[in-house]
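Let me begin by presenting the structure, written as structure tokens, before commenting on it.
The values are calculated or read from the model by the stated rules, or taken from the named source; none is laboratory data. Quick caveat, the model's predicted, so the values are computed rather than measured. Backbone-built Cβ (ideal geometry, glycine too); neighbour counts: all protein chains shown. Ligands, DNA and RNA are stripped out before the accessible areas are found, and what is left, the full protein with its side chains, is counted by its heavy atoms. Shrake-Rupley method; radii C 1.70, N 1.55, O 1.52, S 1.80 Å.
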Amino acid sequence: DRPNTVADEFTISTSALKAQSVAYDAEKVNAWPNPYFGANPEERNSVDQQIHFTHLPESGDYTIRIFDLSGRIVRIIDGSDAGSQYAVWDVKNNYGIPVASGMYLAHVTTASGEKVLKLGVIQPEQRIDRY
């Protein structure tokens, strides 16, 4: 019960903490927003559609393959040089065309495992003002 003085010396070691690294778990991968209701708070305008994949590995490769329910590949997102735990799908197919409303499957492959996500997409209604 005495106050610290200039003569006091303290030694701190973090070697035990370094040995306790947490292993990456592919089961934590998630998509947000899901279902996608034509808008996302992260979007800048109505044309900028985004679905975010979270909890991806920061180091190492990952691949996200998005399929429709008939099993056709819709989009492939390659994370070979990502360096981030996040990936963005612009809700378009491999040809840059917006996908239709419906259910999609996202197969996420990482070095530590795989996960399949169900994605719901509800596109906003589009009306033609002039014929």
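The charge dipole of the chain, taken about the Cα centre with unit charges on the Cβ atoms of Lys, Arg (+1) and Asp, Glu (-1), comes to about 560 debye, rounded to the nearest 20.
Using only side-chain charges placed at the Cβ, +1 for Lys and Arg and -1 for Asp and Glu, the dipole size of the range 47-99 relative to its Cα centre rounds to 260 debye. In percent, rounded to a whole number, the relative contact order of the range 42-131 is 27, using alpha-carbon pairs under 8 Å and six or more apart. Simple spin-label estimate for residue 42 and residue 112 gives 1.9 nm between the two label positions (7 Å along the Cα-to-Cβ direction from each Cα). Near residue 114, once Lys and Arg are set to +1 and Asp and Glu to -1 for all other residues with Cβ below 11 Å from its Cβ, the sum equals +1. A dipole drawn for the chain from +1 and -1 charges on Cβ atoms has a positive end, and of 104, 7, 31 the residue lying farthest that way is 104. Treating r as the C-beta distance of residue 65 and residue 14 and R0 as 41 Å, the FRET efficiency rounds to 0.55. The apolar share of the surface of the chain, taken as the fraction of accessible area on carbon and sulfur atoms (1.4 Å probe, ligands and nucleic acids excluded), comes to 51 percent. Between residue 76 and residue 95, the contour length at 0.36 nm per residue exceeds the Cα-Cα span by 5.7 nm. Shape descriptor for the chain: Rg over Rh equals 1.26 (Cα atoms; Rh from the Kirkwood inverse mean 1/r). Tally Lys and Arg at +1 and Asp and Glu at -1 over the other residues with C-beta under 11 Å from the C-beta of residue 93: what net charge comes out? Taking every Cβ under 11 Å from that of residue 93, the sum is +1.
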